[in-house]
């Protein structure tokens, strides 16, 4: 089956469900039944279905790209954040106390705040520039309504940051870092743009202009952490069903990587209890089942 036929079939078969992330008011108004899918291949083709060109809030998907940018500089970030699955909700405070202010991995909120702190001031603008270049879309922006909405409801993230600061694991002022973190989560992108921006991980670290962001080992490690930690505390279930490195966000998006073949982005705002898109996981399950493309 050709890829365009495949994505069309998946879009016709999946049934969006779940509930939107209503604890972020700007996301609460999103249609839970919306659905988009894009598959970007290494030869430059993009196969699309549904609302593939509709921008949505990327939220925690941003954490993959900030981690890659941090690792492109050096591996020092691993002295401040671990690489193990958390088994706890993405905004949990519990493990920070038992593990002395070192987050379990870079994809829970505490870990992502550390990575943003590691990148320093201007991290969100740097990320925005990277995503514009990799997607080829200079119109990608940060949604100011989502920024305000999240900042107005950021007590838990501030608490995480202050707790880590008490252990000496923050270098910049907490309010500055949380603002940068919220801005990066509030970037709005379409499925097609995100699939293209993720291709550097399918290319083993090579950007769309042919330059290298990460060496082969670095790209492998980002993909590995995506596989084990990328879907909150449901990473085992995601690996079981999908079998690919993936990263979800509470905006309803999920990116996934087939190394050496393609990058995928699916979006549907209805979430399960763990914060992952119901239709998104289903679509990726169908994709790997029908193509046989998996890391296993």
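Among the criteria (1) touching a helix residue (DSSP H, G or I) at 6+ places or on another chain (Cβ under 6 Å); (2) farther than 20 Å from residue 103 by Cβ, the one residue 191 does not fulfil is (1).
Filter segment 237-254 for residues that are over 21 Å from residue 67 (Cα atoms) and out of contact with any helix residue (DSSP H, G or I) (no Cβ under 6 Å at 6 or more places or on another chain) and give the result.
Quick first cut of segment 237-254, residues over 21 Å from residue 67 (Cα atoms) only: 237, 240-243.
Selection gives 237, 240.
Taking segment 200-228 as the range and being touching a helix residue (DSSP H, G or I) at 6+ places or on another chain (Cβ under 7 Å) and in a helix (DSSP H, G or I) as the test, the residues that pass are 200, 201, 218, 219, 222, 223, 226, 227, 228. Restricting the search to segment 127-156, which residues are over 15 Å from residue 188 (Cβ atoms) and more than 17 Å from the chain's Cα centre (by Cα)? Across segment 127-156, the qualifying residues are 133, 136, 151, 152, 153, 154, 155, 156. The one condition from (1) crowded, with 23+ Cβ neighbours inside 10 Å; (2) at pLDDT below 95 that residue 121 does not meet is (1). For segment 133-192, the set of residues classified as in contact (Cβ under 8 Å) with a residue 40 or more places away in the chain, more than 19 Å from residue 24 (Cα to Cα) and assigned to a loop (DSSP other than H, G, I, E, B) consists of 136, 137, 140, 167, 168, 169, 170, 171, 172, 190, listed by residue number. If you go through segment 5-50 and pick out every residue that is assigned to a loop (DSSP other than H, G, I, E, B) and either on the phi < 0 side of the Ramachandran plot or exposed (fewer than 14 other Cβ atoms within 10 Å of the Cβ) (or both), you end up with 20. Would you pick out the residues in segment 31-64 that are in contact with a helix residue (DSSP H, G or I) (Cβ under 6 Å, 6 or more places away or on another chain) and more than 23 Å from residue 288 (Cα to Cα)? Passing the criteria: 57, 59, 62, 63.
Scanning segment 95-113 turns up at least one residue that is within 22 Å of residue 254 (Cα to Cα), surrounded by 21 or more Cβ atoms within 10 Å (Cβ to Cβ) and out of contact with any helix residue (DSSP H, G or I) (no Cβ under 7 Å at 6 or more places or on another chain).
The values are calculated or read from the model by the stated rules, or taken from the named source; none is laboratory data. Predicted model, so just to flag it, every value in this text is computed and none were measured. Positions of Cβ are generated from backbone atoms using ideal geometry, with glycine treated the same way; all protein chains shown enter the neighbour counts.
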